[in-house]
Amino acid sequence: MEILDGKLVSQAVKDKLKAQTEERKKQGKKLPHLAAVLIGNNGASETYVASKVKSCSEIGFTSTLIRFPQEVTEEELLFKLNELNDDFDVDGILVQLPLPSHISEQKIIETIYPTKDVDGFHPESVGRMVQGLPAFYPATPYGILLLLEHYKIETKGKHAVVIGRSNIVGRPISIMLSKNDYPGNCTVTVCHSHTPNLAEICLQGDIIIAALGKPEFLKSNMVKPGAVVVDVGITRITDSTKKSGFSIKGDVDYDDVAPKCSYITPVPGGVGPMTIAALLMNTFKACIAKDIA
Ligand code: GUN
């Protein structure tokens, strides 16, 4: 069993982006600029956004963090997004989800210009991705592809079982893994809460992507020997032994499943850091697209 080390691979991606950014600076070119919008005080969202902003500064990107209180109106938020859309210096815009219930997530996503949609959530980005056109890929599934690629994991002809059908992970990764290119060419089954015989289907998976948000859901009796297991879960569980008061659990029962796998991602340190690496890749791409525009 080998660990798919997201921390290591994400650092390699960041090192490369840092060198490319330094090169741009030397050439007097514009530096990548990410604008992150955070609403309210959700602890997990605060942590993710702080991590994204910190990664930007580590590699020489400019970043702007815009905070709004939980009570911000949709109108105020749309006004800010339009400002960011029109600001030439801003290359990528991300609004951390989930949003307060009085704000339409769809409206927010569709307001961001597709050229600045580094989260890859805009319907235009999704449509381009589905059609195999150059597009911003959503960061988490893109990060998973980068990880599979780094470890040269064979995907062609493999059966990938995706558990979860969210717009952020399950749906896009299922499309990416079926594309006619590496990493892809998988036969993909998408499972969800209404799938009967889920364990039976998982047992057929050469690659399993667990993205349903249920801590330690995937057990060894659902995994074929030698399978590649990718754990996207990041649920906070109350844990009084931790200084923070919680620990993070993935969707895979790691100790039970790991001995049966050929490769597995740990939580934390697997998909999480790769999501950030992929977001930075998208931001860099958004920036260099302006060189030729
Ligand atoms: N919330 C959970 N994952 C994500 C993500 O990839 N992007 C944004 N903007 N919000 C999220």
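Please enumerate the residues belonging to the range 90-113 that are of a type outside the set (Ser, Thr, Tyr), away from the ligand (no atom under 13 Å from the Cβ), without any contact (Cβ under 8 Å) to a residue 60 or more places away in the chain and within 16 Å of Leu34 (Cβ to Cβ).
Val90 - this is the single residue of the range 90-113 that is of a type outside the set (Ser, Thr, Tyr), away from the ligand (no atom under 13 Å from the Cβ), without any contact (Cβ under 8 Å) to a residue 60 or more places away in the chain and within 16 Å of Leu34 (Cβ to Cβ).
Which condition from (1) within 16 Å of the ligand (Cβ to nearest atom); (2) at pLDDT 95 or above; (3) within 30 Å of Gly245 (Cα to Cα) is the one that Gly43 breaks?
(2)
For the range 114-159, what are the residues that are without any contact (Cβ under 8 Å) to a residue 24 or more places away in the chain, away from the ligand (no atom under 16 Å from the Cβ) and either buried (at least 24 other Cβ atoms within 10 Å of the Cβ) or in a helix (DSSP H, G or I) (or both)?
Across the range 114-159, the qualifying residues are Glu124, Gly127, Arg128.
Quick one: is Gln11 part of a helix (DSSP H, G or I), under 30 Å from Tyr254 (Cα atoms) and at pLDDT 95 or above?
For Gln11, the condition - part of a helix (DSSP H, G or I), under 30 Å from Tyr254 (Cα atoms) and at pLDDT 95 or above - is met.
Within the range 38-54, does at least one residue satisfy the condition of being in contact with a helix residue (DSSP H, G or I) (Cβ under 6 Å, 6 or more places away or on another chain), of a type in the set (A, V, I, L, M, F, W, C) and within 27 Å of Val267 (Cα to Cα)?
The answer is yes; a qualifying residue exists.
Can you list the strands (runs of 3 or more DSSP E) lying wholly within the range 190-293 that have 3 or more residues being crowded, with 24+ Cβ neighbours inside 10 Å, in contact (Cβ under 8 Å) with a residue 12 or more places away in the chain and within 21 Å of the chain's Cα centre (by Cα)?
207-210, 228-231
Can you pull out every residue in the range 58-79 that is assigned to a helix (DSSP H, G or I) and either aromatic (Phe, Trp, Tyr) or under 19 Å from Ser45 (Cβ atoms) (or both)?
Hits for the range 58-79 are Glu74, Glu76, Leu77, Phe79.
Tally time: how many residues in the range 10-60 are among the charged types (D, E, K, R) and under 30 Å from Thr73 (Cβ atoms)?
3
Taking the conditions exactly as written (touching a Cys at 6+ places or on another chain (Cβ under 6 Å), at pLDDT 95 or above, closer than 25 Å to Thr111 by Cβ and within 16 Å of the ligand (Cβ to nearest atom)), does Leu77 satisfy them or not?
Spelling it out, it is not the case that Leu77 is touching a Cys at 6+ places or on another chain (Cβ under 6 Å), at pLDDT 95 or above, closer than 25 Å to Thr111 by Cβ and within 16 Å of the ligand (Cβ to nearest atom).
The values are calculated or read from the model by the stated rules, or taken from the named source; none is laboratory data. Remember, it's a predicted structure, so these values are computed and weren't measured experimentally. Every residue, glycine among them, receives a Cβ derived from its backbone with ideal geometry; neighbour counts consider all protein chains shown.
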